[in-house]
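Some notes on the structure that comes next.
Please treat every number below as a calculation from the coordinates, not as lab data. Keep in mind the model is a prediction, meaning the values are calculated, not measured. Ideal geometry is used to build each Cβ from the backbone, glycine not excepted, and the neighbour counts take in all protein chains shown.
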Amino acid sequence: MTNTTLSFKRPEADLVALEHLSSRYPNAAAAIAEIARLSAVQTLPLGAIHIISDIHGEEKKLQHVINNASGTLRPLVEKLFSDRMSESELKEFLKLVFYPAEVTAKLKDRLTDPDELREYARGTLDSQFFLFRHLMANYSLRLATQLFPAEYRDLLMEILHAPFTARGGEFIDAIVDQLICGGKALHFIHLLGRLIRNLAVDEIVIGGDCWDRGPRGDRVVDYLRLQPNLSFIWGNHDVLWLGAALGNEALICNVLRVSLRYRRLSQLDEGYSIPLTPLEHLANSAYGDDPAAYFVPKGEGMRPMELVARMQKAIAVMQFKLEGQLIERNQEWDLEHRRLLHRVAWEEGTIEIDGCRYELRDTHFPTIDPADPYALTDEEEQCLKYLKQSFLRSQKLQEQMRFMVDSGSMYLKRRDCLIFHGCVPVDDKGAFRSMPFDGEQLSGRALFEHIEMVVHRALEKSETKDLDLLWYLWCGPLSPLFGKDRIATFERYFIEDKAPHKENKDPYFDLIHDEAFCDRVLAEFEMDAASGLIVNGHVPVKIEQGESPLKKSGKAITIDGAFSEAYGDYGYTLLLEPDSIVLAEHHHFDSIDSAIRDGVDIIPDKRKIRQYDCIRSVRDGERGQRIRYRIEELQRLVQAYQTNRLHENHGYEGGFASQSLSHLR
């Protein structure tokens, strides 16, 4: 019979907390054993953390960068197997390491003879086991086994134990024979390959901006959802899609306009089941005779170029109207100067911006009423209604947004690195600028943390005020995710003169070259200024112009390397290794097919940013801090047992310790 009495004598607060812990460690011996285990884990080397930012829909390149562990798996495999494999064998093994699912799928059709399959499986598994054990050596067993596929967990534990026993080749042969007999040999090779890849990197941190410019932001998030330990830093393009998914009409128009501009429509209709038929109808009806010459899309596609241009113009005009309405109902943002439609002199074909008047190069506005320029026409209202319903009803889009918010935050602290997407808004002298939130003026870390709360609140309640804030985070001057005074979308479309196209960056981006300023930012987020490094993306590093990602201060680094082909086709991963911080620069990636067929790989250029005097251990990282807290809790639990403030449970039942099936373990 289960004992349901309280395990402590007095209702003290600390005992109530410890009682929950006692359910896992029911006596002093169990708690002391766990303290010993955790103390040993603290001595293991820190796992690798890889930080990638500004993917912008480039899903195939991202998949390869994750699969080859940002270029770190190849040198490891070459080091371990160079004297055990020929060059051709090494090449084939690397294909399997990077693409286990795709390679085994091809082998399934080729290896139909049982003897050939046995020979392949025996040799491949022997190499996989060797690499698997090497990677496992730096892991806590409890942590690593969480990555094991459940159906093979016990088998993998036996394999892990094999080299330290008298088990010989017969042991492995027995495993291979039974896997082949059950038709699971290639399946096991596939799962073991994926496990090896997952063990190569302890954590992946995405520094923001999964969508836009590149072809398939939906597939980027699909692949990220498969990773076992992933964290998000939100970027402005991420909150753009979040706001659209939650029904903010201005952001829906922004998403559609950008997708049309770059002809990235398959992620909408195929990826998210969002049909563009209502917008096609509006474009044909209201803009059917409009050449839309300044809305010509980038790239090729199935729809006629003229149609896509008209669709882009139609949705852009709707965007400007809806943004004008949104700015008007949020007067505290002081953005009246960005409401532009009522500043047009319709008969003259000019517009006043920031006190200057400019000539419009396109004056065809069939859906704008000069007397009420921010009002949607009935046809625009109907179009928007259908589009909004599609965004709200897209199950995949809603699931991805939930994942992004649940896995994400405005900033992260990893070892010596303070990681955020854009900037900390400051004035010219480096003082933190504040913006109004829920009746408060917030700046610095408080601003970041309040935004996190509002993003979560928006996901749960979708109130207009919070959804409007997502628009501000996308493009507002004081948004830490944006960091410019404006997005000059209207100006670039409609004004030939380049002067009003300029978007002024927040002073932060110049000040991070100054060491003292970086120290103030690090201190604001409770980081050690002496060792801290600020890591942000958002602003592409102009590699072709010789710009360096590492700033002159040595205290800040920008890791937006123009990952997407539409931006430049480079890209960075910041590698936080046990003994160093390394910047890996990625180049063009042909295709997954070429990687599987020809062994094409991205071999990054690497630059050491920091070198530590010794290999740092788990105790030096965030996991080590959590372990210290747990050890302190367990020590209090042991003390409570030893002073009899908590009762121990030694598993006695009827006077004898339970021996349930122990002889079979």
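Can you tell me the equivalent ellipsoid semi-axes for the range 106-150? Use √(5λ) from the Cα gyration tensor, largest first, whole Å.
29, 12, 7
Report the dimensions of the range 358-454 along its three principal axes from the alpha-carbon atoms, largest first, rounded to Å.
That gives 55, 42, 30 Å along the principal axes, largest extent first.
With Kirkwood's inverse mean 1/r over C-alpha pairs for Rh, give me the Rg to Rh ratio of the range 508-665, two decimals please.
Across the range 508-665, the Cα-based Rg/Rh ratio is 1.23.
Just report the Cα centroid separation between the range 252-293 and the range 565-607, whole Å.
33 Å
Which value, in Å to one decimal place, does the Kirkwood hydrodynamic radius take for the range 18-89 when every pair of different Cα atoms is included?
Averaging 1/r across every pair of different Cα atoms and inverting gives 17.0 Å.
Using the alpha-carbon atoms, what tilt in degrees (0 to 90, nearest 10) does helix 378-393 show relative to the longest principal axis of the chain?
It is inclined by approximately 0 degrees.
In bins 5 Å wide, starting from 0, what share of all Cα pairs of the range 425-561 does each bin hold, as a percent?
2, 9, 15, 19, 19, 16, 11, 6, 2, 0
For every helix of n ≥ 4 consecutive DSSP H residues, a contribution of -39,500 (n - 2.57) applies; sum these over the chain, divide by its total residues, and give [θ] at 222 nm rounded to the nearest 500 deg cm²/dmol.
That calculation yields -14000 deg cm²/dmol at 222 nm.
Averaging sequence separations of C-alpha pairs under 8 Å and six or more residues apart, then dividing by the length of the chain, give the relative contact order as a whole percent.
It comes to 20 percent, rounded to a whole number.
Where does each of 347-356, 566-575 land if you order them by average Cβ count within 10 Å, highest first?
566-575, 347-356
Relative to the first principal axis of the alpha-carbon coordinates of the chain, what is the inclination of helix 395-406, with its axis defined by its Cα atoms, in degrees from 0 to 90 and to the nearest 10?
70 degrees
Using the reciprocal of the averaged 1/r over all distinct C-alpha pairs, how large is the Kirkwood radius of the range 165-293 in Å?
So the Kirkwood estimate lands at 18.9 Å.
How high is the relative contact order of the range 417-486? Use alpha-carbon pairs under 8 Å, at least six apart in sequence, and give a whole percent.
Taking the mean separation of contacting Cα pairs over the length of the range 417-486, I get 30 percent.
Between their Cα atoms, which of LYS61/LYS108; LYS461/LYS502; LYS388/LYS498; LYS385/LYS542; LYS60/LYS542; LYS396/LYS542 are more than 31 Å away from each other?
Violating the 31 Å Cα-Cα cut-off are LYS461/LYS502; LYS388/LYS498; LYS385/LYS542; LYS396/LYS542.
Can you list the aspartates and glutamates whose alpha carbon is less than 17 Å from that of LYS184, not counting same-chain residues fewer than 8 positions off?
The reachable aspartates and glutamates, counting only those whose Cα sits under 17 Å from LYS184, are GLU102, ASP109, ASP113, ASP115, GLU116, GLU119, ASP126, GLU151, ASP154, ASP173.
Taking the structure as given and computing semi-axes √(5λ) of the Cα gyration tensor in Å, which label from [x] 39, 32, 28; [y] 37, 29, 25; [z] 50, 32, 25 fits?
[z]
What is the projected area of the convex hull of the Cα atoms of the range 474-549, averaged over all directions, in nm²?
That works out to 6.6 nm².
Sticking to Cα atoms, compute the Rg of the range 45-160 to one decimal and its Dmax as the biggest Cα-Cα distance, whole number, in Å.
Over the range 45-160's Cα set, Rg and Dmax evaluate to 15.9, 47 Å.
Kindly state, as a whole number, the per residue volume in cubic angstrom of the convex hull around the alpha carbon atoms of the range 279-376.
Spelled out: Cα convex hull of the range 279-376, divided by residues, is 121 Å³.
Starting from a Cα-only point model with no solvent, please compute log10 I(q)/I(0) by Debye for the range 230-345 at q = 0.09, 0.13, 0.15, 0.23 1/Å.
So the normalised log intensities work out to -0.28, -0.57, -0.75, -1.35.
Given 0.36 nm per residue, what is the gain on full extension from ASP438 to PHE171 after removing their alpha carbon distance, in nm?
Gain on extension, ASP438 to PHE171, equals 89.6 nm.
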